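Report on the structure given below.
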Amino acid sequence: MATYARIAGKSSVRSLRFTQRRNFQKTVNERVNAYLRKNNLPARDVPAMYLKTTIVLAWWLGTYLLLLLGHFSPLVNIVLCLVWAMAIASVGFNVMHDANHGGYSNHPFVNKLVSLSAEMLGMSGFRWRIKHNVWHHTYTNIAGFDDDVETFGLMRLTPRAPWKPLFKVQVWYFPVIYGMIAFDFFLRDFMMVLFGKSDANHVYPKMSTADKVTFWAGKLFFIVIMFVLPLLVFPWWQVLIGFMIVMLTVGLVMGVVFQLA
């Protein structure tokens with residue numbers, strides 16, 4: 001895509017202008033809609049999607065309850081932390097992503113309700129919709145505009161990026177970088193609310209009162225399930241270890257999947 005874009009001056013939305021239109025999105029949409037009509041298939045509100053959502057959320061809740069109430073050995077609890085982390089990532093891939101794209105249901109209320117699953121991941125749905133739906137899908141993989149490929153000089157993801165000797169071994173340390181993604185999302189959400197800017201290249205629009213209420217309620221929910229409830233069952237150091245295992249695993253899984261996408 002970068003071949004067909006002219007980039008001038010400092011990185012900002014206004015400095016990027018596409019010089020060719022190839023109607024790719026229009027063609028894809030037409031072909032998909034034609035296929036759905038031909039086979040009498042719905043685009044949204046698909047029963048299989050609701051079933052998938054039920055299974056994934058049951059996986060998320062069931063594993064969490066096993067962790068809190070199972071009274072298992074530390075080794076089993078570590079395994080359950082890994083399983084729960086995979087459930088969290090699955091909520092992101094299979095539920096949150098589609099709902100925040102508005103592609104889950106024909107009813108906006110249903111999309112809005114299901115999109116709240118973003119808060120279960122410790123991230124702001126508001127920030128995700130801007131960062132992913134707008135910036136990533138508009139400037140996909142364009143360095144300096146798509147923050148999903150911004151590594152702040154820690155990794156080299158494009159031949160146009162400056163080269164450092166350290167990048168020779170990035171194949172060995174990238175899991176650590178990706179593992180920090182979940183922490184990064186959680187912390188940068190607060191930067192967005194406090195300063196309006198939490199990413200390298202863009203400024204976020206102003207949040208409505210409803211957006212702010214959802215944001216703080218989501219953060220409170222995440223802190224309660226990650227710390228408050230576990231501290232009623234486990235000593236603080238075990239809670240901290242479990243939290244680190246979960247967040248690092250979620251970050252690694254989501255980082256690998258979304259970077260390949």
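Bear in mind that the values in this text are calculations on the coordinates, not laboratory data. Here the structure is a predicted model, which means the values were calculated and not measured. Because the Cβ atoms are built from the backbone with ideal geometry, glycine has one as well, and the counts that use them run over all protein chains shown.
Quick notes on this one:
- Segments 237-247, 219-229, 177-187 sorted - mean Cβ within 10 Å per residue, highest first: 177-187, 237-247, 219-229
- For the range 98-115, Karplus couplings with θ = phi - 60° (6.51, -1.76, 1.60), whole Hz, Gly/Pro x: 5, 5, 6, 7, x, x, 7, 9, 6, 9, x, 4, 5, 4, 5, 5, 5, 5
- Integer Hz, Karplus 6.51/-1.76/1.60 couplings in order for the range 224-232, x for Gly and Pro: 5, 6, 8, 10, 4, 5, x, 5, 6
- Across Lys26/Lys52; Lys164/Lys206; Lys26/Lys219, pairs whose alpha-carbon gap is larger than 31 Å: Lys164/Lys206; Lys26/Lys219
- Spin-label model, Thr209/Trp163: points 7 Å from Cα along the beta carbon direction are separated by 5.7 nm.
- Reported to the nearest whole Å, the Cα centre-to-centre distance from the range 120-150 to the range 26-84 is 22.
- Counting only Cβ charges, +1 for Lys and Arg and -1 for Asp and Glu, the dipole size of the range 47-260 around its Cα centre is about 240 debye.
- Options Pro162, Trp84, Gln259, ranked by Cα towards positive dipole end of the chain, top entry (Cβ charges): Pro162
- Among the trypsin sites (Lys or Arg not before Pro) in the range 10-102, those located in a DSSP loop and surrounded by at most 13 other Cβ atoms within 10 Å of their own Cβ are Lys10, Arg21, Arg22.
- Among the listed values (i) 20.9; (ii) 20.4; (iii) 21.7, the one matching Kirkwood radius over Cα pairs in Å as calculated from this structure is (ii).
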